[in-house]
Structures are given as structure tokens and as C-alpha cells.
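Below is one structure, written out as C-alpha cells; the observations come after it.
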Amino acid sequence: MHSSSLLPDPAVYQPDTLDLNTDEKAADYWFNCFRDMVAKFAKVAVKSQEEDHTATQRAEQFQAAYLQQLEEHQRNVPVNKGKMILGTSELLKLNETLLRRYGFADPWLRQKRLENASAVARLKQRLQELDALADEDTRWTELVRGVLAGNMFDWGAQAISNILEQDSNFGLHSALDRIEKRPWLLDNLDSWLNRLKGEPHKCAVVFVDNSGVDVVLGVLPFVRGLLKRGTKVLLCANSEPALNDVTSEELRSLLDDCSRECEVLEQAWSQGQLLVYANGQTSPCLDMRTLPKELCDAIAANETDLLVIEGMGRALHTNLNARFGCETLKLAVIKNKWLAKYLGGEDMFAVVCKFEPAAPS
């Protein structure tokens, strides 16, 4: 279902940024991109079940099934042009559906656990760095930069997985150095900083992305900043695994660990000022029409007046151009050169920081 607070008119909501059925250049690029990507995902799938002698065969079946459906989508472009939208979200969702079908429920599980443990061990130090910044604007700028730098840690992005595989010491500070310098490609940071000088939000709903550095060292310090302003926070994570994205179940466990490192988080977590919800999604993207009832009820009951969407899948592949019924902050690093250029940027790791007022009702 949809939240009427976030989506007053679901009939006009279109999550997908691209339509491969009408945009030939986008179709040329993304069909090839997914063709290459599936081979990598098949390798990850096998590695995740090395002890199972059937893993290689199942991964080959997964890859063949994916390529077959990809060809079908491509073949149907002339027929479907103008009749139905084919977004990159559909091709990302297909990947997760087929991985599960062939017995690979969570290929990145081991990686997620390693990265979560490593990030939790660094959380206290990161919070101390942020608390040492006395100026409010400087601190909030660094909190936003932290979310963006954290969003670099995405095993689904080829450019990033190459960096992470080659440099085991690549951490948050390395990522802070790599992201685009201001002015960013889409830069509404000053509007966000000005908004923070006003009344605190009652409740923020925050849709998170990757495990490890992203959620622990990027998102949680930002969320802590909101909590310190008196804003209640609903953290929303995937219902099912997708790439290295954190699931709601994993996020609850992570918050138990992280609250031991920070009094603000501990208090909010134990007193129900910080809550975790499943977002109803089974892929790395976000369709606001398919949120669970429990989450929609919580959004309404808490008079949610701020929506934060983080990451490429949820804030770029989907929802970049969508308007919502409350103030919205969309944060992502573009980890794909083609998409950066398509959106008017020059370089990889261009930044989207889009702050929008509530859409007129």
C-alpha cells in the first residue's frame, strides 16, 4: 500500500527515472551493463556457497535465466514503447528474484557481516570527530558529506567493487576525499542548512541503503543529529536481501550494537524515539506504492514531516523526479559514469543532494 502522507496522489507517482522502452541511448547502455553485471553476480553467488557442490551449476542457471529475460525485454522494446515503462529498477529486481529462485537467498551475507562489525568498531571515533565541530553549519555539512561518502560502499556498483577489491584500507575518510567537491551536481545543501535553523521536524522517515560504512558511519551519525534536535526517526530497510543492502532484521541487530557505542542512540533506541521498519522491498530500488501497512500506519501516526531517501537505487534509479507530500532530502553518490553524464555531470562520484519542499496538495 502507499502512505497518503508521503504520496497524496499515487496515480501520478512514477518512481522510475529512466524508461528503457523509449530512451534508446539509455537502453543501449543499460542492457549491456546488466549483461556484464550478471556474470559478476553469478561469481559472488558461487563464492557464497563454496561448500555446496551444486552452487556452480545453479549460478550458471541463474545467469542463463537472467540473460534470457534480459533479451526478451530488449526484444519487446519496439512493442512496448509508449505503452509501458521499463525502468532499471525492473532489471535490478529481476536479478534478486532469480538469485532467490536458484537458491541464493543472500550472496553478500558474509561480506555484510564483516563490514558491519568493522564499521561498528569505528563508530565512536567518527562521532567524536563530528562532535568536535562546534559550528552547526559545519557539523551538518560534515554529516551530509558522511552520508554521501558512506554511500560509496556499494558492491552492486562496478566502479566501487573494483576499488574495494583492490584496496582493503579504503574507508570512510578515503571516500570523503573521493566524492565530488562542492558545488555538487545537484546541490541544495544550503537550503537544507537553512531549514535546520527553523523548527525541528516532528518525525523523519529514512530509507537506508548499504550495510557497513554506509549505514553505520554515514546514516546513523546523521540520524543522531536529527534525534538531538528532538526529531523521532523511523529507519526503513529492505524486507529481503538485495546486493549488500542492509535488511530490517540486520538493522535491528546493528542498532543493538551501535547503541552500546553512543548514549544518544542508546536512549532513542530504548525509548522508541528511533524505530526500525521493513520497507516492503526485495530489490535495491524503492516503490512508494508498495510499503507495508505497518510502516504506512507509523508514518501517519507520528505525523511524519521529513522524508530522507539515500542511495543510487532508491534516490536515483527511482524517485529522483518524484515529489512527495512532505519535505524531502535525497542523497546519493553517482557511481556510474554514464548516469553521471546523463544527469549533467562530468565525473564519476558526482553528488546528488536534493532538498525539496512538500509538493502542493
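The values are calculated or read from the model by the stated rules, or taken from the named source; none is laboratory data. Note that the structure is a prediction, hence the values are computed from the model and not measured. So basically every Cβ, Gly included, is an ideal-geometry build from the backbone, and we count neighbours across all protein chains shown.
Evaluate the range 60-76: report whether one residue or more is in contact (Cβ under 8 Å) with a residue 60 or more places away in the chain and charged (D, E, K, R). No: the range 60-76 contains no residue that is in contact (Cβ under 8 Å) with a residue 60 or more places away in the chain and charged (D, E, K, R).
Condition check ((1) closer than 23 Å to Arg122 by Cβ; (2) modelled with pLDDT under 95) across all residues:
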residue	(1), (2)
Trp269	yes, no
Lys293	no, no
Gly313	no, no
Phe349	yes, yes
Pro360	no, yes
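Here is a yes/no grid of residues against (1) in the same structural domain as Ile179 (by TED's automatic domain parsing); (2) among the small types (Gly, Ala, Ser); (3) without any contact (Cβ under 8 Å) to a residue 12 or more places away in the chain; (4) touching a helix residue (DSSP H, G or I) at 6+ places or on another chain (Cβ under 8 Å):
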residue	(1), (2), (3), (4)
Arg113	yes, no, yes, no
Ala121	yes, yes, yes, no
Gln128	yes, no, yes, no
Thr138	yes, no, yes, no
Leu143	yes, no, no, yes
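Against the numbered list (1) touching a Ser or Thr at 6+ places or on another chain (Cβ under 7 Å); (2) under 30 Å from Lys293 (Cα atoms), Thr88 comes up short only at (1).
Quick check on the range 70-83. Is at least one of its residues part of a helix (DSSP H, G or I) and either in the same structural domain as Met312 (by TED's automatic domain parsing) or under 24 Å from the mean Cα position of the chain (by Cα) (or both)? For the range 70-83, residues part of a helix (DSSP H, G or I) and either in the same structural domain as Met312 (by TED's automatic domain parsing) or under 24 Å from the mean Cα position of the chain (by Cα) (or both): present. Residue count for the range 50-67, restricted to those that are surrounded by fewer than 17 Cβ atoms within 10 Å (Cβ to Cβ) and either in contact with a Gly (Cβ under 9 Å, 6 or more places away or on another chain) or more than 23 Å from Leu20 (Cα to Cα) (or both): 9. Inside the range 345-361, residues that are within 17 Å of Ile179 (Cβ to Cβ) and more than 19 Å from the chain's Cα centre (by Cα) make up a count of 3.
Figure legend. Inter-residue proximity from the range 150-173: first residues closer than 18 Å to Ser211 by Cβ, second residues in a loop (DSSP other than H, G, I, E, B) and modelled with pLDDT under 80, beta-carbon distance below 9 Å, spacing 6+ or different chains. Indicated pairs: Ser161/Trp155; Leu164/Trp155.
Of the residues screened, Ala59 is not one that is over 14 Å from Lys40 (Cα atoms), at pLDDT 95 or above, assigned to a helix (DSSP H, G or I) and of a type in the set (Gly, Ala, Ser).
Just checking, which of Leu70, Leu7, Leu18, Leu109 is hydrophobic (A, V, I, L, M, F, W, C), out of contact with any Gly (no Cβ under 9 Å at 6 or more places or on another chain) and within 27 Å of Pro292 (Cβ to Cβ)? Within the list Leu70, Leu7, Leu18, Leu109, the selection yields Leu109. Residue under question is Ser253, and the condition is that it be among the small types (Gly, Ala, Ser), in contact with a helix residue (DSSP H, G or I) (Cβ under 8 Å, 6 or more places away or on another chain) and surrounded by fewer than 20 Cβ atoms within 10 Å (Cβ to Cβ); does it hold? No, not satisfied.
Restricting Val38, Val46 to residues that are crowded, with 18+ Cβ neighbours inside 10 Å, outside any loop (DSSP other than H, G, I, E, B) and without any contact (Cβ under 8 Å) to a residue 24 or more places away in the chain narrows the list to Val46. Residues that are under 26 Å from Glu240 (Cα atoms) and among the aromatic types (Phe, Trp, Tyr) do occur in the range 106-123.
Taking the range 247-361 as the region of interest, the helices (runs of 4 or more DSSP H) fully inside it that hold 3 or more residues being in the same structural domain as Thr231 (by TED's automatic domain parsing) and free of Cβ contacts under 8 Å to residues at least 24 places away in the same chain are 248-259, 263-271, 293-301.
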